[in-house]
Structure formats: C-alpha cells, structure tokens
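For reference, the structure is listed below as structure tokens.
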Amino acid sequence: MQLDLLVTKFQDKDEKAFETLYNMYSDSMHGVIYNIVRDHDIAQEVMQDVFIKAWNNASTYSSKKGRFFTWILNIARNAAIDQTRSKNFKKAKQNLNSDFFVDIIESNESLDNQTDAIGIKGFVSKLAAKCKEVIELLYFKGYTQKEASETLEMPIGTIKTRNRKCISELRNMLEV
C-alpha cells in the first residue's frame, strides 16, 4: 500500500493501517528509544506509548511539514528523553555500573543496528566528523543541546547552528 494512503487511513483511525505502520516502524523506533534509555523493557514500553500517542494525535500530522517517519521519530525521541528525566527512571539508574556508559559515542559504529532500519547510518557516516558527533549526541543518544554543548565543550549557539546545518546536509542527501 502506498505510504500516503496508509497514513491517511491511519489518521482516519483504520486499525489495519495502524498495524501496518507499527510493523514498518517499530524496530526503528525501538532502536532510537533504546539508544536513549539503554533498557530493552523500558524501550518497548515507551515505544508502545509512542504509537498510542501517534494514534491519538494523528490529526496533527501534516505531510507539508515533513515525512510521517520523521514525525513519529520525533515523538519517540521526545518520549524517550522524557522517560530519562522521570523520577522513577532516575531512581532505577542511580546505582549503575560503568558498563552503562561504555559505548556512549565512540563512533557511528556504536549506533544500535535497529536504528538503521531506514539506512540513516549510511547517510550520517557521509557527514563531516563535526556533524556526526552532534547528530549522534542529539538524535541517537538523546542529549539536549545544553548537554551536547557541555560534552563537546562548545558554545550552545555553535551546537544549534551545527545541528541546523547538519540536518540540512542530511535532507539534501535524502533528496538526491
């Protein structure tokens, strides 16, 4: 089924369309969420919530503003970040050992394979090193711009500018 028609049916509350979109995107969403929360059970729970939220707010999606995948990916990313900021999550992670932090941004190879279901890893790997590090922190690891600024020891304005520029470069690659 054509994606535009599928999304329209999803917006019209067609359960079959929901199921199809879920099957298409759940692995990618789970991978993105997992890279932020670092717990498969929590990632699964958040992913379920993301699809329910998308279902309940389907009318807010507009193809004029971007692709459906990008829309739902932003919902997933924001939900995962919200989860990491919740009291229960912080309480559960208070006594983490160093293994939790081992693979935070060593290279683009550390991206979970599930996040590459649409091939984005290949596009990110073509970016300049300065773009890769910003994109990985902000989008694959769930850092805020302030956290990325502190981690990379750059002014927040530089992070924001670089993020816009790098996303623009990714969009250009995808249009070709």
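Note on residue 45 and residue 160: with the Förster distance fixed at 22 Å, the Cβ-Cβ geometry gives a FRET efficiency of about 0.10. Computed extension length for residue 14-residue 74: 19.4 nm, one decimal, from 0.36 nm per residue of separation with the Cα-Cα distance subtracted. Distance between the 7 Å Cα→Cβ label points at residue 82 and residue 123: 2.5 nm.
Between residue 23 and residue 63, the distance separating the two model label sites (each 7 Å from Cα on the Cα→Cβ line) works out to 2.2 nm.
Each Lys or Arg adds one and each Asp or Glu subtracts one; over the other residues with Cβ under 10 Å from the Cβ of residue 162, this totals +3.
Bear in mind that the values in this text are calculations on the coordinates, not laboratory data. The structure displayed is predicted, hence computed values, not measured ones. Ideal geometry is used to build each Cβ from the backbone, glycine not excepted, and the neighbour counts take in all protein chains shown.
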